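The block underneath contains the structure these notes are about, expressed in structure tokens.
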Amino acid sequence: MNYFLKLGNIDLDTTFNCGQCFRRPHGINVSQTKDGIILHNVKKSDIPYWERFFCADEDYSALTAKFSEDSTMKAACDFAPGLRVLRQDPFEALISFIISQNNNIKRISFIISRLCELNGEFPTANELSGLDLTTFGLGYRARYVEDAVKKVISGEINLDEIDKMDYNSAKTELLKIIGVGDKVADCVLLFGFHKLQAFPKDVWIKRVLAEYYPNGLPACIAGYEGIAQQFLFHYIRNKET
């Protein structure tokens with residue numbers, strides 16, 4: 001069946017290419033309309049998953065209107081009005097952002113596409129366990145992924161429990177993984193667990209903070225700092241390149 005998902009002003013290309021994910025999800029054919037998207041040949045039982053993935057319950061028109069009380073945020077929102085933060089699979093987000101360290105989007109996407117060749121979808125922890133991950137081009141990051149896989153399989157890192165935790169407790173858990181620092185943890189919390197307090201700080205965002213917000217973030221983004229971060233990241237990175 002085809003299913004229309006009302007999302008307001010969404011741009012699929014911007015959403016999938018703004019640095020928050022490194023592949024389009026397999027198993028779904030999606031097209032864009034004026035005020036949403038059409039999921040083609042989708043099973044009725046899968047619709048709740050895609051509604052959650054695209055965060056269909058969030059009113060981005062209201063959010064961007066609130067953000068636009070700040071002039072810099074208004075410029076960022078106007079630059080990419082169709083940007084939408086996705087709610088990705090937590091394990092995929094964890095592994096993807098470990099791989100992303102000191103890496104570029106083209107190479108990250110290439111590595112992840114190779115991993116997906118294992119079974120046609122993103123591999124599970126059990127499917128990654130025991131593999132020589134250096135053969136996928138991970139380099140020194142292979143041991144970080146191996147540690148994440150080991151801790152997830154053993155239950156030392158319980159992704160279901162992290163999902164239920166508050167932001168600070170969840171971040172403390174993720175930092176137990178070798179190679180996961182503040183930035184990676186915040187990326188995983190934002191894009192994998194939709195914890196909107198998370199505000200990943202890379203070189204681009206640090207530049208934004210220094211230039212536009214030396215006295216702190218504006219009050220208009222309170223509670224939605226993570227979504228605001230993605231607008232700012234996409235804006236400043238493209239504005240200066």
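For the chain, the 222 nm mean residue ellipticity estimated from helices alone, with every DSSP H stretch of n ≥ 4 adding -39500 (n - 2.57) and the total spread over all residues, rounds to -13500 deg cm²/dmol. For the chain, excluding the exposed loop sites themselves (GluC sites (Glu not before Pro), DSSP loop, at most 12 other Cβ atoms within 10 Å), the longest remaining stretch covers 157-239.
Between region 179-241 and region 1-21, what is the separation of their alpha carbon centroids in Å? Taking the Cα centre of region 1-21 as reference, the centre of region 179-241 is 20 Å away.
Annotation note: trypsin sites (Lys or Arg not before Pro) in region 1-102 located in DSSP loop regions with a Cβ neighbour count of at most 12 within 10 Å are Lys34, Lys43. For region 101-116, backbone phi angles converted through the Karplus equation (6.51, -1.76, 1.60; θ = phi - 60°) give residue-by-residue couplings of 4, 6, 9, 10, 4, 4, 6, 4, 4, 5, 4, 5, 5, 5, 5, 5 Hz, Gly and Pro being listed as x. The simple Förster model, with R0 at 35 Å and r as the Cβ-Cβ distance, assigns Ile178 and Ile105 a FRET efficiency of 0.90. Derived scalar couplings between HN and Hα for region 226-236 equal x, 5, 4, 4, 5, 4, 5, 4, 5, 5, 5 Hz in order, rounded to whole Hz, by the Karplus curve 6.51 cos²θ - 1.76 cosθ + 1.60 (θ = phi - 60°), x for Gly and Pro. Full extension of the chain segment joining Ser61 with Glu161 gains 32.8 nm, where the gain is 0.36 nm per residue of separation less the Cα-Cα distance. Given their separation in residues at 0.36 nm each and the Cα-Cα distance between them, Ser45 and Ile153 gain 36.1 nm when the chain is fully extended. The calculated FRET efficiency for Asp11 paired with Tyr213, based on their beta-carbon distance and R0 = 22 Å, is about 0.30.
Label zone (Asn238, point 7 Å along Cα-to-C-beta; backbone nitrogen cut-off 20 Å) within region 57-80: 60-80. Here the 3J(HN,Hα) profile of region 119-125, calculated from phi with Karplus coefficients 6.51, -1.76 and 1.60 at θ = phi - 60°, is 8, x, 9, 5, x, 7, 4 Hz, Gly and Pro shown as x.
Every read-out reported here was derived from the displayed coordinates using simple, explicitly stated rules and does not represent laboratory data. Source: prediction; values computed, not measured. Cβ: placed from backbone, ideal geometry, glycine included. Neighbour counts: every protein chain shown.
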